[in-house]
Every structure is written in structure tokens, then in C-alpha cells.
1. What are the radius of gyration and Dmax of the chain, computed over its Cα atoms and given in Å?
2. Could you compute the FRET efficiency for residue 59 and residue 209, with r as their C-beta to C-beta distance and R0 at 45 Å, rounded to 0.05?
3. Give the order of 197, 140 when sorted by the count of other beta carbons within 10 angstrom, beginning with the fewest.
4. Output the Cα-based Rg and Dmax of region 90-204 in Å, rounding Rg to one decimal and Dmax to a whole number.
5. When the Cα centres of region 156-216 and region 78-123 are compared, how far apart do they sit, in Å?
6. Taking other Cβ within 10 Å of each residue's Cβ, how do 157, 138 sort, fewest first?
7. Across region 1-112, what fraction of all alpha-carbon pairs, as a whole percent, falls in each successive 5 Å bin from zero upward?
8. Pulled fully out, how much extra length does the chain show between residue 196 and residue 40, if you take 0.36 nm times their separation in residues and subtract their Cα-Cα distance?
């Protein structure tokens, strides 16, 4: 039995929940972090010494960090699919993972930068200039994706894959925040395609009102 620790409102946990849904895997979800706490216990720190979620247990195997968990699940459980989430061809898989890494190092940094400064930070403490810097950076990132998606439906190959999961997870928060956005017709079309996937609607498109004004949760 797979076990996943983490709160459902966590951006990084949502990546994993969505992946589990795509693979139609049975798992036990253990609420951890936020109001549920539990990240500083001896048992949890033995699994992840950093005390952060998500953490996945696959029998006696423990994996932490959301990107690593998504890679692990796709590599081990998607081969039965006609279109595996993770390619067996090493060149294609490298392209898929390049988009994952870009999302983590660039796109997520700025989307979550807005989210923390605009949503998580109480209004009296907000710094508009810092928010605007992330907004401008996000516009550049999504315009890059918009140009790419003029040529193809998915980020790294001719079907949905692990490449689409991290960047795709950003879209709900980006389009739901009260910020200026450029015209992004191809990104909007990609977002619509993602919304056709049940796991995306269930796990990513979650209201985040519980996080408003909470720097610690």
C-alpha cells in the first residue's frame, strides 16, 4: 500500500496527488503539516530529516521531494499505460525532466512568490513592488510556454506526461489570483485540456481561502 503524507492544500502535495490519480493508484493519504502538524515527530523526521511534505512510502521505500516522488511514481507505475507518464527513451525522458526542472527553478519560484506575498501575507504587510516583480517574471515565463504551445499540445512529447505536471499545477493559482496577466491563448487552451483530467479537477483546482493571510500554516 502506498502512503502519502501531506496536506491537500499544499502546492507540492497536489503534484503528487494528481500523479497518483493519473496512474489510478490506490493509496492512503495521511494529513500532515499545517493545522495537522506532525512534521517534527521522531517518526516523521526518520522519513524526511527536513521535516517537510510530501513524503511517499512504497512498502519499505521512502521518497521525499515532490519532483522526485512524481518521477518515481511515473517510472515505476506508468508502463502499463499506452502513453506512459515517463518515457523509456532516455532522450525523451530527459526533455520531460528538463521541463520539470525548469518549472521548479523558474516558474514555481515566481508563481509561488506571488502567492506568498499576495495571498499568504496579511494585507497590511504586503509589499507591492515585490509582488509586481514576480508578476512581470511570470508573464515572461508563461509567454515562453505560450509560444511553445503554438507548435504542440503538451510540453515535452505528443501526449500528456510528467513534463506537464509541475508547470500545470501552477495554472490554477496563477489564473485565480487577482493580478495582471498577458494574453495567453495557448496556455489557456492547455489549461482547458488539463481541466478535462479528473485528477486535476479534484486535487489541483482547490480553493485556497484557508491559506489567506497565513504566513505560518
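1. Expressed in Å, the Cα Rg and Dmax of the chain come to 17.3, 52.
2. Computed FRET efficiency for residue 59 and residue 209: 0.75.
3. Ordered by Cβ neighbours within 10 Å, fewest first: 140, 197.
4. 14.5, 50
5. Going from one Cα centre to the other spans 11 Å.
6. Sorted ascending by nearby Cβ count, the order is 157, 138.
7. The percentages, shortest bin first, are 2, 11, 21, 23, 19, 15, 7, 2, 0.
8. Gain on stretching residue 196 to residue 40: 52.4 nm.
Taken together, the values in this text are just the output of simple stated rules run on the coordinates, not laboratory data. Just so it is clear, the structure is predicted and the values come from calculations on it, not from any experiment. We place every Cβ from the backbone using ideal geometry, glycine too, and count neighbours over all the protein chains shown.
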